[in-house]
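Heads up, the thing below is written out as structure tokens.
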Amino acid sequence: MKGKGRSSGGSLVDAMQHSKPERARFEEWRRGGLGCVHVTLSIWEDARDTLKVIGKWNRLFEQNSDLIELAESVADIERISRAGRTAVIFGFQNASPFEDDIELVEVCKRRSKNPSLKRPDCPVAPE
């Protein structure tokens, strides 16, 4: 999509998006030529509230699969973008979702590395 801020073969990425997730926003992303959006799941939320946000996003992926899909790798981002949809990757703005429990970091790390799972429960940007 030359002329819209993208070089040939590349993807336009919006980092640290924290807006109201809804279909109208996803349509804006497509009109803007966004190949990938890094969604901030948590700014100050604790673990439980962050998991609620992830649950909401899971429903949004199901309801808007023609526009968005969760990406777990660079290959996913490229595939989703080539298909005319926007790839979504998850992240935090700080460590508040881990609360004071170092075990929550390990839980997220292990969950995100398990290839048998369709979606990670924990937001970890793709490698």
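Read the figures in this text as sums done on the coordinates, not as results from a lab. Just so it is clear, the model here is predicted, and its values are computed rather than measured. Here the Cβ positions follow ideal geometry from the backbone for every residue, glycine too, while neighbour counts run over all protein chains shown.
Taking N as the number of residues in the stretch 12-113, what is its alpha-carbon radius of gyration divided by 2.2 N^0.38 Å? Please report the intermediate quantities before stating the final value.
Details: Rg = 13.9 Å, N = 102, 2.2 N^0.38 = 12.8 Å.
Against the compact-globule rule of thumb, the ratio is 1.09.
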**Fill in**
Long-range amide H partners of residue 86, meaning residues 5 or more apart or on another chain whose placed amide H is closer than 5 Å, are 68, 69
**Added length on full extension, which subtracts the Cα-Cα distance from 0.36 nm per residue, residue 102 to residue 16** = 28.6 nm
**Prompt:** Considering amide H positions built from the backbone, and no H for Pro or chain starts, which residues 5 or more places from residue 38, or on another chain, come under 5 Å of its amide H?
**Reply:** 14, 15, 16, 17, 89
**Message:** Cβ neighbours within 10 Å, averaged per peptide: list 16-24, 84-92, 38-46 in order, most packed at the top.
**Reply:** 84-92, 38-46, 16-24
